[in-house]
Structure formats: structure tokens, C-alpha cells
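Participant: Take this structure first; my questions come after.
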Amino acid sequence: MLTIQNLYKSFPTAQGPLPVLRGVDLQLPPATSLALMGESGSGKSTLLHLIAGLEQPDQGSILIDGQPLHSRSETERARWRRENIGLVFQQYNLISSLDTASNLSFQARLANRHDRTWSTYLAERLCLAPLLQRFPEQLSGGQQQRLAIGRALAARPALVLADEPTGSLDETSSEIVLELFLQLVHEAGSSLLMVTHSTHLATRLNRRLQLHLGRLLPGDA
Amino acid sequence: MLRLCLSALLSHWRRHPLQGISILTGLWLATALWTGVQALNDQARADYARANALLAGAAQTQLVARQGERFAQSAYVQLRRAGWPVSPVLEGRLRFAGREPVSVRLLGIEPLSLPADSSVAGQSTQGFDLLHFLTPPGQAWVAPDTLQRLGLKPGDQPTSADGQRLPPLAVQAQLAPGVMIVDIGQAQRLLQAPEQLSRLLLPNDFARTLPALPDNLRTQLQLQPAADNDDLQHLTESFHLNLSALGLLAFLVGLFIVHAAIGLALEQRRGLLRTLRACGVSLRALIGALALELGLFALIAGLAGVLSGYLLASLLLGDVAASLRGLYGAQVAGHLSLSPQWWLAGLGISLLGAALAGLNSLLRSAQLPLLALAQAQAWRQAQALWLRRQSALAIVLLLIAAACWRWGDSLPSAFALLASLLPAAALVLPALLDAALALLSRLCSTPLSQWFIADSRQQLPALALALMALLLALAASVGVGSMTEGFRQTFLGWLDQRLSAELYITPRDTRQGLAMRRWLDEQPGVEAVLPQWRLELRLQGLPVQLQGMLDHDSYRQHWPLLEQQPDAWASLASGKGLMLSEQLARRLKLHLGERLALPTTPPSPALPVVALYADYGNPRGQLLLNDELLRRLWPGATLSSLNVRLPAEHVPALKAQLQSRYRLDSTRLVDQGTLKRWSVEVFERTFAATAALNSLTLSVAGVALFISLLTLGQSRLGQLAPLWALGVTRRQLAWLSLGQTLMLAGLTVLLAMPLGILLAWCLVAVVNVQAFGWRLPLHVFPMQLAHLALLGLFTSLLAAAWPLWQLARRQPADLLRQFADER
């Protein structure tokens, strides 16, 4: 269970601190999905980064199964991230020096949770099986995004955080990839918190929330 | 358009100042090291030219003694009376005692008889101040540098070590360093050579008529053409070539930095170039602007480089001058006076370096499809092509090196061997590293170790040039270090054997030497007096020292022979054989058992070569004969020194007696310990400049690696950020990056070791043989190798420290920026 309480975050600028999150409260039960929407600069990506332990909040707390995340050291947060979080970025952020097979299993093996059968299944479902020896730059945009999804799910993380996962794809490809993504998240038994601009895609998830000027608007978006 | 285009291009450096600094630093260092070395060479060569041109003009041809170094003045008188327009010269060394004894080359001339169009010390004879030069007390002309070395001032009348008072000193700015010119009468007094002359100058037009010498002089004198006179230039050529080779290596290493930085700038500016082209800038204007930009860098760095080169040369000149004095007796001024051409050449070399380093990028700018999107992988693909081309070029260079080794028989071919071998090794390095990493990747099973190797391979193209620089610098250090250390051991062992006498005496002349010998024979405690008879002559156009040896057990026990026939010493003693120094045997292309005819009058039978011996440090060839045979064939041979064997405890007393009895100063009476110390000092100073240049080259390689890592660090965040997001800590990333740098540097260091040993072999077995005439055994010193390997790794560690520290201190925001949508 992910619980966010009164979360504040600002960034220093030449004109003084720029508040991005201004008291966010949120709960995400296990095996559920949530779409986070909002205009550019509303703080969606920052919230994702805070949940992943990539950044420290100014105030408030993020609790994972009741345990505060940000009181942990960087090493502990990194360990937690590799064992419990699957990250999918709009720009894929694949490891260009490793081939598709190594990229796919990278995080799972890093977390000692590599399940060969599950990885093979993911590769087949994501249509990556014939491409395992290729390097990321030899893949199309859609293939790269599928690979990023596969890598995030290979360790069967408790929580998948996706930042505009289909933002670089055309509408048809987006539909197909998202469908596959949601199916696999469900099969992995993970929760999903996905940032998206698309209302249409957001409707496919269990819940939708709107972030506006650093605050979550009440009710379902 | 060009101005707009240039301002757009220059805006890149505001955003990437580090790359700009890299280019400037590379060109600055390359220019500084190259011009510094050239300044040393130019200064030395200018001084040799001044020394050779002491008596320049028409009077270049000369008459010299057939036997010995001097002849009677009566020959001059006879020739003048017969209408020969000859002018007499007496030459010798004049010693000055002191804490550091100094000797100068004293030249006595007769200005009235010098041909009208000749010049002395750069001054036409027409402009001589004859009144002061010829009338008592006369004048002694010296260069400002010599005056400074003697610690004297104009007008001083110093006393020589032999107790002779000199005429007042007068400065002649054009005079070569280490030379003093006096009237011939003064010279005969100062050198204690009354009625003696060294040579007679002849106007060339008169010499061309080939007049016949009077019969009685034909056996005494011989004509020596002017061309035979530039021995110093020839002897020192190899020394300067060595310096030039080191300078060139440093220059190339510096250019590696520039090449790497320009290449990266091109990749990063591909978008800008595309935009400029899209906005209507022609390809010609774009290339023109890029070339102009490069020229601007070259001018700024060139100015700084030339100034630094001057400073570097000033710092090294002392050691180089001492080396040249110790090795060849060549006098080089202790300060630099360089021509405007040198300064212009320095700027030229910077422009040439920039052109060489940037040509590839300019061509790629002109040829690559600029409208294609810039991708990291596009660069890697281009590099893969270059890797293949580099390997092919390396193979061609290796074939050239092999051909030079197999068929080369000269100093240029020896250097061509090095000039092919080193770049070949550098060019093949990236391919070897890539293969080694590919091999290592098979051993990796964990994801991080797989990434570690795969990412290292990806970094390779960007780091290749810096690693090549490290390879070359380290191999040069290993090669030159092994050669120097091997030479040191061989030389010291040889010195220990060769310097067996307890006391070495240099008499003023043969008469004094003979008197000393008689006196020494009567002294209690003296076990043996070994006279050294010497004669300088030319064999097949080469200057050669003939040395007469007494048959004595001391030589049989202590004179190390490299090759010998049975009973070699007995053959020498009986006058039925001769021994050659290794370098002379090589120059004359003579082997053991072959015969050599000596230029005697009347001709004498050729003698077999019964042994070859090492004669390290002597630039001239040497030939040993039985002393009685030498004196019989050349009665004019001089008794150059006496080596005295006696128990060590008797040395101080005998030394004191000799000093008081014969008024010998410390330069003429030297004990074994002092002589060894001097020899070792000369040896150490000889390699001081080499060692300094080597260290500088290694430092430049370190700078190359540092700049490459720093530049690479900027573009590597995109590779490291995903790992961080996947749960690898920043500290781990920093350690992994350090490991990658050390692994690549370590593999380079590993490859540099055998390359360095191969280089050492080339130096001792090929270059030294061609340059100096002696071949040294190849020594490998494991501790030295370990030391240099650690130094190489330490240099890499230092180069990696700052970029890694920056990486470890990266704010999460910097890494998060890699995930931002707007990229």
C-alpha cells in the first residue's frame, strides 16, 4: 500500500523557490491502477520521482506499507527501488550498450529476482523475442517502448510508475502498447501509477486524479 | 554570411567552454613541446655553425699535418717565401682551474696574412682593430657566454691553469661559445707550443689550382678540403634527432587531445550545422567558417605555445648544453638567442597541428549527411568504420617498420622504424582493447558486470585517442627508461673495468710526459706507468683516434673486449694486429679478422682486426695499436696521458708530489674516483633532458585522458541515469565509472609494457647502433616496469578523479533531467 501524506516539494530558482507540489495526499492500494493527469508543470513527474525515491520531499511523507520511504538512506532507497519499483519513461531510457535480452532482464537480475520463464513470456507477449540480440538503437520507437515496459515488469515489482509511457507513439500504437501494458501489469500483480495527458487512455485505469498547481483536485477526474 | 555563420559556431564554445579549453590546451602543449625542442636544436646548431665559421670566407681549404696534430712553423715560412698565400693557425685547449675547471678552444691567428675576403668571428678582416689586437698587451676575443662561464669581465687578464697570463679579454658578440681568439704569437706562448702550427689556411681559388707542395713538405702536410670540416654537425646529428623524435612524440600526443575535442564538438554541433544549412548557408561558407574558427584557436594557442616553448627550452638548455659538452665537446651557449623565423615557425606549427587534427572533422562535416538526426550510435557506427581503417593503416605501418628493420642501414631508416612502429601500435590499440573487452564480456554473468564491459566498449571511441596518447607516452617512458637504465648498468660496469689505473695524468706535451714517465718509474710504490700515445687522423673520411698501447697485464685484465680472436692481446703487442672500437668497426664495416690498411707514408701492410671493444661515450672511432708500432709509423704521435697503477694508499702522496713538481692542476691530474664521478655526472646530465621530455609527454597524455573523461562525463549522464533509476546508487555509479577508466587504462598500460620493451630493443639494437655505433644488451627491469605501470595508472586515476568527483556529487536533479520529456 502506497500512502502519500501532505507532500510538498519546491525547486530553487533565481527568483526564489518555485513550489511544485503543495500538500499532496494520496493512497494507492495493492494491484490497482491510477492515472495522474494535469497540465504541463503541474508536478506530475515530480510526484513520480518522489515516489520512486529519486528525489527528497521538502515536507510530508511517503509510506510504503506503513514504512516512511524518505527517512531511508540513498543506498536503502536505491535497493527499495530496484526491488519494488518498475519505471517506464516517455524517452524509454534504455541502456544503449546492452542488447534487448540484457536490457529486458537487467533490473530483475539486479534485484536477484530474475525469472527466466516470466522474461521469456514477456519477450513473447511484447513481440521482442525475435529482436533479443539487437541493440536499442536498432529498434523502432514502439519496440523500444515495449522493451522499456518489459524491463519495468521483469522483476514483478509491487509498483509500476509510468511517465507518459506512450507519449512518443502515434495514437494507434499507443492503444496497442497500453493495452498490452495494462494486461501485463495485471499479470505481474503490480500496482500502476501512470502519468498521462490523454483522458482517453486514463479511462482505461481504475482511478483518475487531476493535479493542478501542485495540488490534487478532489474527486475522480 | 561568414560573420553570422562564425558567430553561430562560436556560440557553441560558450555552452561548452571545456571543449574550447581542450582544443587550446592540446595545441598549446603540442606547440610548446615541439618549439621548445626545436629551440634547443636551433640554438645548438647555430652555435656549431658559428664554431665552424670562425674562420669563414674564401680561406676554407687548409693544409694540415700528415702525422700528429701540429707541424713546424718553418713550413709556413717556406711556403710564404714560395709565394703561397697561406695564413697560419694554431689551435689547442686552454684550461682554467677553479672549483669547476673550464677549458676553452684557443685559436691563434695571424690577421695580416688572412685572405682579404675572409672573416673571423663573424667580423670581416677589413674591420679589425689590429692596433689593439696585435700590439702589446694584445687582446683575447671571447663570446659573452664564455666570459660569463669563466666568471670574468672585459679587460680582465686571467691566468691559465698552466700559469700563463692572457692578454686583456675583449667581447666579440658573434664568436661561438667556448672559443677564444688571440694573435698566433700569444697562442704559441699560452699553449706552450713555440714555433708550432696546427694548420695553414688557403684561399679556395688558390687551392683549386692544386699547386704541388715542395718535396720536403709533401711528407709533412696534406690538403684538407673545406667539406671535411663539419664533424661537430655530423657527430651531434643523432643527439638532435633523438631530441626531435621526443619533441615530435609530444607534439603528436598533444594533437590527440585536439583531435578528440574537435571530433566531439562536431558531433554536438551537427544539429547546429544542419540548421545553418537549412537557413541557406552554403557548404563552402560553412567549411570556411569552421576552418576560420580552427585558425583562430591555432593562433591563440600558438602564441601561448611558442612563449611556453621558449621558457621550456630555457629551462632545459643547461642540461642539453652540458650533455653536448660532455658527449661531444661541443660548446653551446647557456642562453637562447632565437631568430624571428623560429617564432614564426612556432605559430606555423600550431596552425599545421590544428589543420592536421581538424582535417578529419572538416572532411566529415563536408561529407556526412547533415540532415540525418544526430545519434550517439551514428557516431559509433562511423567509429567502427574508422576502427577498420585504422587497423588497416596500422598493418601497412607495421609492414613499413618490418621493412626498415630488415633492410634499413642508416639513422633515418632507424627512425623510420620507430616512426612507423609507434603510430601502428597506437592505431591498433582501439581494436585490441575492443577485442579484449569482448573476451572479458564472456566471463561476465551479473547484470552490472555485463553493463560494465558493454558500456566500456561504448566509451571506447570517445576515449581511444586519449588512450593512444597514454600508450605512446608510457611506451616511450618504458623504452627510453629501459634503454637508459640498461645503458647506465652497462656503462658503469664498463667504467669499473676500464678505469683500472689509480691515477690519470695529462701532460702538457710529449716532452713533459716522457719526463714524468721516467720520474714515475723511479718512485717507490708505483707498480706500472702506462703511457697512452695518441694520434688523430682520418680513415675513409671519418675522424679517428689512434691509440698506442703498451703490452701490459693491466689491459689484458681490465680492457673489456666484445669479440676477439685467440691471442688478441699477443697479436696487438707484437704489432701484428689492431683492435677497433665497436662504433669504428661499424662505420668502416669491418669485422673480426678482416684487414685494415692504415694511411702511412710509405704505405704499410694492412693489419688484421684481432678484437672489437666497447668505447661508450666516445663519439669518435678509436683504433688500438701497439705503442711502438704507432710511434714508428707516426713519429708525431703525442703522449696524451699516463695511467699510473699503484696501491690506493699511495695516491694522495704521489698526487701531491706531482702537483708540486710539475705544477699540474686538477684538470691534468685526476684520480680514479674523481674520473668515475665526472663520467657518471656527464651520463646523468646527458639523459636529464630526455627524462624531462618523457615526463612532460606522460603528463600531456594524462591531460588528454583528463580532458576526454571530462568531456565524456558531460555526455554520459544519459547512460548513467537509467541505472540510477533502476536502483544503482550514485556512489556505485562513480565507483563503476572509476573501475571502467582504470580497466581501460590498465589494459592500455598492459599493452604499453611489451610495446615499451620493443621500443627499448629498437633503441638499443637499431637506433643506438646507427646513431652512436654501439649496441647495448637489452635489459628489462621488472621493478622499473612496475613503477611505470603504477605511474600510468596513477596518471589515469588523477585524470579520472575530477570528472568522477563531479559525477559522485551530481545532484539528483541533473540525473532527473535525463528523464525529462524535453530533450
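The values are calculated or read from the model by the stated rules, or taken from the named source; none is laboratory data. Source: prediction; values computed, not measured. Cβ atoms come from the backbone with ideal geometry, glycine included; neighbour counts cover every protein chain shown.
Participant: On the given criteria, is B:T741 crowded, with 22+ Cβ neighbours inside 10 Å, at pLDDT below 85 and either under 25 Å from B:A808 (Cα atoms) or of a type outside the set (A, V, I, L, M, F, W, C) (or both)? Give the derivation first.
Facilitator: Details: crowded, with 22+ Cβ neighbours inside 10 Å: yes; at pLDDT below 85: no; either under 25 Å from B:A808 (Cα atoms) or of a type outside the set (A, V, I, L, M, F, W, C) (or both): yes.
No.
Participant: When only residues in region B:500-522 that are in a loop (DSSP other than H, G, I, E, B) and touching a strand residue (DSSP E or B) at 6+ places or on another chain (Cβ under 9 Å) count, which is nearest to B:K655 (Cα to Cα)? Spell out the reasoning first.
Facilitator: Looking only at region B:500-522, we keep the residues that are in a loop (DSSP other than H, G, I, E, B), and these are B:500-502, B:506-509, B:522.
Those still in the list that are touching a strand residue (DSSP E or B) at 6+ places or on another chain (Cβ under 9 Å) too: B:500-502, B:506-507, B:509.
On the way: B:S500: 17, B:A501: 13, B:E502: 10, B:T506: 13, B:P507: 14, B:D509: 19 Å.
This residue is B:E502.
Participant: Tell me which residues, restricted to region B:669-711, are surrounded by fewer than 20 Cβ atoms within 10 Å (Cβ to Cβ) and within 14 Å of B:L264 (Cβ to Cβ).
Facilitator: The answer is B:L710, and nothing else.
Participant: Identify the single condition in (1) assigned to a loop (DSSP other than H, G, I, E, B); (2) touching a residue at least 12 places away in the same chain (Cβ under 8 Å) that A:P218 does not satisfy, given that it satisfies every other one.
Facilitator: Every listed condition holds for A:P218 apart from (2).
Participant: May I ask you to list the residues in region B:198-215 that are of a type outside the set (A, V, I, L, M) and either more than 42 Å from the chain's Cα centre (by Cα) or at positive phi (or both)?
Facilitator: The first filter runs over region B:198-215 and keeps only residues of a type outside the set (A, V, I, L, M), leaving B:198-199, B:203-206, B:208-209, B:211, B:214-215.
Correct list: B:P211, B:P214, B:D215.
Participant: Continuing with this model, one more query. Kindly indicate whether any position in region B:720-736 is over 21 Å from the mean Cα position of the chain (by Cα), more than 30 Å from B:L612 (Cβ to Cβ) and more than 14 Å from chain A (Cβ to nearest Cβ).
Facilitator: Among the residues of region B:720-736, not one is over 21 Å from the mean Cα position of the chain (by Cα), more than 30 Å from B:L612 (Cβ to Cβ) and more than 14 Å from chain A (Cβ to nearest Cβ), which makes the answer no.
Participant: Based on this model, can you work out whether B:E536 counts as outside any helix (DSSP H, G or I) and either of a type in the set (D, E, K, R) or closer than 23 Å to B:G702 by Cα (or both)? Explain how you work it out, then say what you get.
Facilitator: Details: outside any helix (DSSP H, G or I): yes; either of a type in the set (D, E, K, R) or closer than 23 Å to B:G702 by Cα (or both): yes.
Criteria met by B:E536.
Participant: What residue, among those in region A:71-93 that are closer than 14 Å to A:H49 by Cβ, more than 7 Å from every other protein chain (Cβ to nearest Cβ) and in contact with a strand residue (DSSP E or B) (Cβ under 6 Å, 6 or more places away or on another chain), is surrounded by the fewest Cβ atoms within 10 Å (Cβ to Cβ)?
Facilitator: Only one residue fits best here, namely A:V88.
Participant: Say whether the condition of being touching a Phe, Trp or Tyr at 6+ places or on another chain (Cβ under 9 Å) and at pLDDT below 85 is met by at least one residue in region B:642-661.
Facilitator: No.
Participant: While we're looking at this one, here's another question. Given the condition more than 9 Å from chain B (Cβ to nearest Cβ), surrounded by 24 or more Cβ atoms within 10 Å (Cβ to Cβ) and assigned to a helix (DSSP H, G or I), answer yes or no: does some residue in region A:120-134 qualify?
Facilitator: yes
Participant: Now a separate question. Residue by residue through region A:45-70, note down the ones that are within 11 Å of chain B (Cβ to nearest Cβ) and either surrounded by fewer than 21 Cβ atoms within 10 Å (Cβ to Cβ) or closer than 17 Å to A:F11 by Cα (or both). Walk me through how you get there before you give the answer.
Facilitator: To start, the set of residues in region A:45-70 that are within 11 Å of chain B (Cβ to nearest Cβ) comprises A:45-46, A:48-50, A:52-56.
Within region A:45-70, A:S45, A:T46, A:L48, A:H49, A:L50, A:G53, A:L54, A:E55, A:Q56 qualify.
Participant: I'm told B:F491 meets every condition in (1) more than 14 Å from chain A (Cβ to nearest Cβ); (2) of a type outside the set (A, V, I, L, M); (3) not in a helix (DSSP H, G or I) except one. Can you identify the failing condition by its number?
Facilitator: (3)
Participant: Another one. Condition first: touching an Asp or Glu at 6+ places or on another chain (Cβ under 8 Å), surrounded by fewer than 22 Cβ atoms within 10 Å (Cβ to Cβ), over 28 Å from B:L588 (Cα atoms) and of a type outside the set (S, T, Y). Can you find one or more residues in region B:772-780 that meet it?
Facilitator: no
Participant: Identify all residues within region B:456-470 that are touching a residue at least 24 places away in the same chain (Cβ under 8 Å), within 9 Å of chain A (Cβ to nearest Cβ) and in contact with a Leu (Cβ under 8 Å, 6 or more places away or on another chain); write none if there are none. Let's see the steps before the verdict.
Facilitator: The first filter runs over region B:456-470 and keeps only residues touching a residue at least 24 places away in the same chain (Cβ under 8 Å), leaving B:456, B:458-470.
Still in the list and also within 9 Å of chain A (Cβ to nearest Cβ): B:456, B:458-459.
Those that are touching a residue at least 24 places away in the same chain (Cβ under 8 Å), within 9 Å of chain A (Cβ to nearest Cβ) and in contact with a Leu (Cβ under 8 Å, 6 or more places away or on another chain): B:S456, B:Q459.
Participant: Right, next: Does B:G525 satisfy the criteria of being loosely packed, with under 14 Cβ neighbours inside 10 Å, in a loop (DSSP other than H, G, I, E, B) and either hydroxyl-bearing (S, T, Y) or in contact (Cβ under 8 Å) with a residue 12 or more places away in the chain (or both)? Talk me through it step by step, then tell me what you get.
Facilitator: Working: loosely packed, with under 14 Cβ neighbours inside 10 Å: yes; in a loop (DSSP other than H, G, I, E, B): yes; either hydroxyl-bearing (S, T, Y) or in contact (Cβ under 8 Å) with a residue 12 or more places away in the chain (or both): yes.
Considered against the rule, which asks whether it is loosely packed, with under 14 Cβ neighbours inside 10 Å, in a loop (DSSP other than H, G, I, E, B) and either hydroxyl-bearing (S, T, Y) or in contact (Cβ under 8 Å) with a residue 12 or more places away in the chain (or both), B:G525 comes out as yes.
Participant: Right, here's the next one. Report the residue count in region B:626-668 for those that are under 37 Å from the mean Cα position of the chain (by Cα), among the hydrophobic types (A, V, I, L, M, F, W, C) and part of a loop (DSSP other than H, G, I, E, B).
Facilitator: 3
Participant: Anything in region A:161-197 that is within 13 Å of chain B (Cβ to nearest Cβ) and in a strand (DSSP E or B)? List them, or say none.
Facilitator: Restricting attention to region A:161-197, the residues satisfying the condition of being within 13 Å of chain B (Cβ to nearest Cβ) are A:161-168, A:195-197.
The answer is A:L161, A:A162, A:D163, A:V195.
Participant: Take the residues in region A:101-119 that are more than 9 Å from chain B (Cβ to nearest Cβ) and among the charged types (D, E, K, R); name whichever of them is nearest to A:L47 (Cα to Cα).
Facilitator: A:R113
Participant: Further question: Hey, can you tell me all the residues within region B:543-576 that are under 23 Å from B:T638 (Cβ atoms) and either without any contact (Cβ under 8 Å) to a residue 60 or more places away in the chain or assigned to a strand (DSSP E or B) (or both)? Step through it out loud before you land on a result.
Facilitator: Applying the first criterion (under 23 Å from B:T638 (Cβ atoms)) to region B:543-576 yields B:543-552, B:554-555, B:559, B:572-573, B:575.
Scanning region B:543-576 gives B:P543, B:V544, B:Q545, B:L546, B:Q547, B:G548, B:M549, B:H552, B:Y555, B:L572, B:A573, B:G575.
Participant: On to the next question. Kindly list the number of the only condition in (1) assigned to a helix (DSSP H, G or I); (2) within 11 Å of another protein chain (Cβ to nearest Cβ); (3) farther than 19 Å from B:T729 by Cα that fails for A:L98.
Facilitator: All conditions are met except number (1).
Participant: Inspect region B:587-599 for any residue being in contact with a Pro (Cβ under 9 Å, 6 or more places away or on another chain) and on the phi > 0 side of the Ramachandran plot and give the result as yes or no.
Facilitator: Just the residues of region B:587-599 that are in contact with a Pro (Cβ under 9 Å, 6 or more places away or on another chain), to begin with: B:592-597.
With the extra rule that they be on the phi > 0 side of the Ramachandran plot, the set shrinks to B:593.
Scanning region B:587-599, I find at least one residue that is in contact with a Pro (Cβ under 9 Å, 6 or more places away or on another chain) and on the phi > 0 side of the Ramachandran plot, so the answer is yes.
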